[in-house]
Amino acid sequence: MAAPTVPSPRRKRLVLLGATGSIGRSTLRVIAAHPDHLELVGIAAHGNWQQLASIAAEFRVRQVGVFDERAAREARESGAFGPETVFHGGLDGLVSLATLAEADIVLVAVVGTTGLSPALAALAAGKDLALASKEILVLAGKFVMAAARASGASLRPVDSEHAAVWQCLQDHRGTEVRRIILTASGGAFRDWPVERLAEVTPADALKHPNWSMGPKITVDSATLANKGLELIEAQWLFNLRAEQCQAVLHSQSIAHCLVEFVDGTMLAQLSPPSMTFPIQRALLHPQVVPGVESPLGLDKVFSLDFRPVDESRFPLFRLAREVMQTGGTAPAIYNAANEVAVAAFLDQKLPFLAISSVVEHTLRDGSHFEPASLSEVLAVDTESREIARRMCNKLAR
Ligand code: NDP
Ligand code: MG
């Protein structure tokens, strides 16, 4: 007797915001490897329409978002897109892409907090949300999580450490977890003597030892602000108290998290340092199918080391832990000031060590309270960016 045929599940239709970036490129590899599972139906970037045109052609995407007005005009007039292309411009365009009727899941991988309103719109429209842009949860975690609860849509972490925690927690209740420990590579300067940090250049900061990522997050890794942002991200995603979210240095970036349960046992999640693993988990959940890349090879000697974070070396990590404890608008102020300071550093207008001074000063002068609405948080974000810009000018090179 012939074996009954098992119908394959319908392909998930994906909108990818930030398609031309580092996460975007890894996502395209996952989609290309799994044409039976995933279909790309919408893409967006800030201004790189040339790359969007080649993605649209390769994946036959009709819905295209170009945020920047001039680039959007060039894209329309270029003739590089098919005649059936529908263009979406500006923030409204990102929102309309995030709520496309034909989309099942939206992956937000736009650097910074620009993806906040598209992410909220996607949830409100009942789309599942795969979230790479951690800054969104740091700015407005309370409101994003409330939107996810209200819609019943699922919010899936893409950040590798959080995807790892999510995987470890799959069969466990929240009350069974004592703490989660995110691993940190230590970034570009983990082995530099502290005295040399005063002279580092953007080019030095952009040389990450293990990961290939966009410039903002690579600088955040060098200051360990990235791990600080991730603690706050974890607090929201997994509904934990500040003291339950911790981090440890782990130079190989192979173990992405440790989850400790109340009985004292721990689970760790291991995979090579490539974002295709967490992206595939987030997009295909609950399906688990072969990955894009080779798994860890155990035929050669390798070791995993763990050591505590030295907070005197990484002031932005200490500040992130403090703002996580403080709560209210403190994480939003931290995030806004960090974004402004990192942009100034990348622009060669601010010394590396001044990034943490800008954040500390902005935290001192910013407005601290428990926000009752998203608009209150957004007002604090705008105000904090202003304070941080003034501080950057004071400390400019
Ligand atoms: P990149 O700098 O490599 O890419 C950023 C992407 O966002 C580009 O596609 C860019 O388009 C697009 N973009 C920027 N501004 C806008 C806008 N206003 N509207 C639409 N698109 C925009 O960043 P990453 O991929 O490294 O990071 C993206 C997010 O993912 C960040 O929040 C980061 O923290 C998070 N993340 C990244 C990881 C990584 O491995 N890279 C790991 C974990 C989290 P354009 O090319 O036109 O400028
Ligand atoms: Mg991470």
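Quick notes
- Of the criteria (1) modelled with pLDDT of 95 or more; (2) within 16 Å of ligand 2 (Cβ to nearest atom), which one ALA148 fails: (2)
- One residue stands out among those in the range 56-92 that are assigned to a helix (DSSP H, G or I) and crowded, with 21+ Cβ neighbours inside 10 Å: the one that is farthest from ligand 1 (Cβ to nearest atom), which is ALA56.
- Residue in the range 209-216 that is at pLDDT 95 or above, more than 14 Å from ligand 1 (Cβ to nearest atom) and touching a Gly at 6+ places or on another chain (Cβ under 8 Å) present: no
- Any hit, the range 305-316, residues being modelled with pLDDT under 95, more than 16 Å from ligand 2 (Cβ to nearest atom), within 30 Å of ILE333 (Cβ to Cβ) and loosely packed, with under 12 Cβ neighbours inside 10 Å: yes
- Only listed residue being within 25 Å of HIS162 (Cβ to Cβ) and part of a helix (DSSP H, G or I), chosen from ILE333, ILE387: ILE333
- Any chance VAL108 is among the β-branched types (Val, Ile, Thr) and within 16 Å of ligand 2 (Cβ to nearest atom): yes
Results for (1) in a loop (DSSP other than H, G, I, E, B); (2) without any contact (Cβ under 8 Å) to a residue 60 or more places away in the chain, shown as yes or no for each residue.
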| position | (1), (2) |
| --- | --- |
| ASP305 | yes, yes |
| VAL309 | yes, no |
| ARG321 | no, no |
| VAL342 | no, no |
| GLN348 | yes, no |
| SER357 | no, yes |
| HIS368 | yes, yes |
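- Entry remark, the range 8-53: residues being touching a strand residue (DSSP E or B) at 6+ places or on another chain (Cβ under 9 Å), of a type in the set (D, E, K, R) and assigned to a loop (DSSP other than H, G, I, E, B) number 1 in total.
- Just one of the listed residues (LEU169, LEU182, LEU137) is within 11 Å of ligand 1 (Cβ to nearest atom) and aliphatic (A, V, I, L, M), and it is LEU137.
- So LEU197, is it more than 10 Å from ligand 1 (Cβ to nearest atom), in contact with a Pro (Cβ under 7 Å, 6 or more places away or on another chain) and farther than 18 Å from SER160 by Cβ: no
- Filtered by the rule that a residue be of a type in the set (S, T, N, Q) and more than 15 Å from ligand 2 (Cβ to nearest atom), the range 218-250 gives ASN239, GLN244.
- Criterion applied to ALA242, ALA225 was being among the aliphatic types (A, V, I, L, M) and crowded, with 23+ Cβ neighbours inside 10 Å, and the one residue passing it is ALA225.
- Odd one out for PHE143, checked against (1) under 19 Å from the mean Cα position of the chain (by Cα); (2) under 18 Å from ALA247 (Cβ atoms); (3) away from ligand 2 (no atom under 16 Å from the Cβ): (2)
- The single condition from (1) of a type in the set (A, V, I, L, M, F, W, C); (2) outside any helix (DSSP H, G or I); (3) surrounded by fewer than 17 Cβ atoms within 10 Å (Cβ to Cβ) that ALA379 fails is (2).
- Exclusive hit being in a helix (DSSP H, G or I) and among the charged types (D, E, K, R), set ARG364, ARG397: ARG364
- For beta carbons closer than 6 Å, sequence separation of 6+ or different chains, a first residue in the range 22-46 that is within 16 Å of ligand 2 (Cβ to nearest atom) and a second that is modelled with pLDDT of 95 or more and in a helix (DSSP H, G or I), the qualifying pairs are SER26/THR276; SER26/ILE279; THR27/ILE279.
The values are calculated or read from the model by the stated rules, or taken from the named source; none is laboratory data. Remember, predicted model here, so these are calculated numbers, not experimental data. Cβ sites come from the backbone with ideal geometry, for glycine too, and all protein chains shown count toward neighbours.
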